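See structure below.
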Amino acid sequence: MNKKWFYLLFSSSVIAFLLSFSGTLDRASGNQLTGSKPTNLYKVKDDKETTRPRAPNFTLKSLKGDQLSLNDFRGRYVLLNMWASWCAPCRQEASSLVRIDEAFSDKQLMVIGVNMTSQESSLSNVEAFVKKHNIRFPILLDQNGNVMDLYRVLGIPTTYLLDRKGRVMERFRGVITLDKITEILNGPLVK
């Protein structure tokens, strides 16, 4: 067997193995996380609200020490950003998130950062990142990778824009900008 076929077979096996472990179980206890497994968390192609999938609820400890649930923010638009301090695109995106938070607070948009704490070398790196970028919005700590699994995050940054009823309007992979969010929040999907 030549090398090309070997690498193709090996890569396919690794991908199949990794996909077999995707799911919504808590890694430590095996318990089902709050919310059903989403059927589609990708960009909504239809602007009808009824076709939007509901974002699964979760509860995490914040960097300030309190417990926050995604459902606590119903009634507001939510920009849910998954990130890590070591991620270069996340560092690039941080200033945009701060500007989005400042620009849209009057439109009932809540920016929430979910740090992939299970991927961090220390919590002090997260604290330093937040301080360096002057982040004032809530930072939640995904210490076991449960939210990462629940939302099927394969790369960071990954960001979800949720409507006031907690349904997914958009999914962004990679860096988001103030211009993109402005376009969406001033567009036909928002009433």
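Every number in this text was worked out from the coordinates using simple rules, so none of it is lab data. Since this is a predicted model, take the numbers as computed values, not measurements. When we count neighbours, we look across all protein chains shown, and the Cβ atoms used for this are built from the backbone with ideal geometry, even at glycine.
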Neighbour-count ranking [beta-carbon atoms within 10 angstrom, fewest first] of F137, F58: F137, F58
In whole Hz, with x marking every Gly and Pro, tabulate ³J(HN,Hα) for region 124-130 from phi via Karplus 6.51 cos²θ - 1.76 cosθ + 1.60, θ = phi - 60°. 4, 5, 5, 4, 5, 4, 4
Normalised by the number of residues in region 53-191, what is the relative contact order in percent for Cα pairs under 8 Å and 6+ residues apart? 34
How much net charge surrounds E93 when only other residues with a Cβ under 14 Å from its Cβ are counted (Lys, Arg +1; Asp, Glu -1)? +3
With 10 angstrom as the radius, rank E93, E127, E120 by how many other C-beta atoms surround their C-beta, starting from the fewest. E127, E120, E93
Ranked from fewest to most other Cβ atoms within 10 Å of their own Cβ, L80, L154 fall in the order L154, L80
